[in-house]
Amino acid sequence: MEFAEKAKAYLAEIKKRDKEINAFLYINDNIVKEAEEIDKKSSKGRLYGYIFAIKSNINVKGMICNCASKVLENYRAGYDARAIEKIKKEDGLIIGMTNCDEFAAGGSGENSSFGATHNPRAPDRVAGGSSSGSAAAVAAGFCDVALGSDTGGSIRTPASHCGIVGVKPSYGLVSRYGLIDLSMSLDQIGPLANNISDAFLVLDVIRGKDERDNMTKDYGKISLEKVRDIKVGVLKIKGVEDRIQNLIDMRINEICKNNGWKKKEININHIDLAVQTYYPLVYSEFFSATRRFDGRRYGKKIEKACGEEVLRRILGGSEITKAEFEGAYYEKALAVKKIIAEEFEQAFKEVDCIMLPTCPGLPWKLGEGMKMKIEEIYAYDALTIPANLGGICAISIPAGKIDGVPIGMQIMCAKGKDARMLSIAKMTELINH
Ligand code: GLN
């Protein structure tokens, strides 16, 4: 199918079904024209034929990039994020901007100021967050691939809940230039896709050193390869529902048996502190990043127009960064972050990858999140946050279903080993999940 035909078909699907799913906050009605232009080109880029949905916290020139917040409701991006520039250069096209938790603060998609995203693969349940719309758009067949951002699980959790693939790259693999940050020392942009090959292609295009983000690093050429003799680290984290842990154990056994790989139980000693370490970092960095939303330059004053969770983080961040507490929270959290990173480094001397569930429970029913305690909601990220603290790469891939609801499995690899992680994932991919 020509690119323009495909774009037309996706637009029609979105118009027909997105009222129920609420994956998009902005649609690019110009996409068919843009596709026609590319169809006419004699030589085409690597992303020719790929239609993207982009999370609403990544700047795409001319499109509404409001972080699912009333604060930036009518903010139209004046430039392209680095990842977007690279996608456009390779002839990828953007069909619209997706729903998410406000400023990426959340794990269910329910914190959006424009209504929660519904899970296309599990009716009446949340899509997972914060990149809820990006995952739902891929799962619903509204696009080929999507970009999300992951600070503590926001790509992997919705990928798990929607039954697709989601990659959190190693910290520094993808430029954060043009990403509206939640927590600059943890955020990474990454792909959500139907399969590993698509996720790999997108990651290969968007990665790379960038003078606009001095934390980026060039990790050299990457490719998907057939991997052999893999030693799989099995990591157990407290709080996972038995039926989920059992499904993941079964998958790991199957994978090891089919490929002749060995497995080994491993421990990350400080992993139970991950959630408590993550929030002081996020609160402090988010508070600082939001000071520019003072109502003068962009949109409204954030404290006046934001939702409850964003306000909680701003107030909390302002409190813990006050001079009298200096060093008591942020610096302690940094110290534990470092320990967890070192423990991962140590673990990866013994094993090639680590496998574990993505989420401790099934996506909850829409509206249930509102009744949960904040500690319970925060604890839900206990399995995804460690990779962000460690700066390592992690992917969520479909592992099966429980009661008809998709369940994801994570594979983690050492920092910079993203291609190896995707190669391992490719060999474990379930067909027809
Ligand atoms: N759920 C986590 C949080 O609320 C992760 C968010 C994210 O990765 N953007 O901070």
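None of the figures in this text is laboratory data; all of them are computed from the coordinates on show. As the structure is a computational prediction, the values presented were derived from the model and not from experiment. Positions of Cβ are backbone-derived with ideal geometry, glycine not excepted, and every protein chain shown enters the neighbour counts.
Within the shell of other residues whose beta carbon sits under 10 angstrom from the beta carbon of residue 374, the net charge comes to -2, with Lys and Arg scored +1 and Asp and Glu -1.
Counting only the Cα atoms, the range 87-177 fills a convex hull of 98 Å³ per residue. Give me the log10 of I(q) over I(0) for the range 303-433 at q = 0.15, 0.19, 0.20 Å⁻¹, as the Debye formula computes it from C-alpha points; what are the numbers? Taken in order of the listed q values, log10 I(q)/I(0) reads -0.95, -1.16, -1.19.
With Cα atoms defining each centre, the range 352-382 and the range 133-177 are spaced 16 Å apart in the structure.
For the range 234-377, the Kirkwood radius over C-alpha pairs fed into Stokes-Einstein at 4 °C and 1.567 mPa s yields D = 70 µm² per second. In terms of the mean number of neighbouring beta-carbon atoms within 10 Å, the peptides 327-336, 148-157 order highest first as 148-157, 327-336.
Counting neighbouring beta carbons within 10 Å and listing from fewest to most, the residues 412, 370 come out as 370, 412.
Note down the Stokes-Einstein diffusion coefficient of the range 31-148 in µm²/s, whole number, using a Kirkwood radius over alpha carbon pairs, 10 °C, and 1.306 mPa s. Result for D is 109 µm²/s.
Our helix-only sum for the chain, with -39,500 (n - 2.57) per DSSP H run of n ≥ 4 divided by its residues, gives a mean residue ellipticity at 222 nm of -11000 deg cm²/dmol. In the frame of its principal axes, the chain has Cα extents of 56, 53, 44 Å, reported largest first. The mean of 1/r over all distinct Cα pairs in the range 184-294, once inverted, gives the Kirkwood hydrodynamic radius of 18.3 Å. Oblate is the label for the range 1-81, because a/c, from the alpha-carbon gyration tensor with a ≥ b ≥ c as root eigenvalues, is 1.5 or above and a/b does not exceed b/c. Between the C-alpha center of the range 94-109 and that of the range 1-44 there is a gap of 20 Å. Sorted into 10 angstrom bins from 0, the C-alpha pair distances of the range 261-314 split as 20, 34, 18, 13, 10, 4 percent.
Length available on full extension from residue 250 to residue 209: 0.36 nm per residue minus the Cα-Cα distance, which gives 10.9 nm.
Put simply, the C-alpha atoms of the range 165-223 give a gyration tensor, and the ellipsoid matching it has half-axes of 19, 14, 8 Å, longest first. Remark on the range 131-253: hydrodynamic radius 15.9 angstrom, per the Kirkwood mean of 1/r across alpha carbon pairs.
Averaging the sequence gap over all C-alpha pairs within less than 8 Å and six or more residues apart, then dividing by the number of residues, gives the chain a relative contact order of 17 percent. Counting other Cβ atoms within 10 Å as a rough exposure proxy, the listed residues 161, 118, 270 run 270, 118, 161 from fewest neighbours to most. Modelled label positions at residue 292 and residue 376, each set 7 Å beyond Cα in the direction of Cβ, lie 3.7 nm from each other. Please find, in a Gaussian network model of the chain (springs between Cα atoms separated by less than 10 Å), the residue of 138, 351, 60 whose mean-square fluctuation is greatest. So, out of 138, 351, 60, the one fluctuating most is 351.
Exceeding 22 Å between C-alpha atoms, which entries from my cross-link table qualify? They are 44/86; 264/401; 40/88; 337/415; 8/41; 89/417. The answer is 264/401; 89/417. Among complete DSSP H helices in the chain, those whose alpha-carbon atoms stretch at least 20 Å along the helix's long axis and whose mean Kyte-Doolittle hydropathy reaches 0.0 are 274-289.
Ellipsoid fit via the Cα gyration tensor, the range 1-42: semi-axes of 23, 10, 6 Å, each the root of five times an eigenvalue, largest first.
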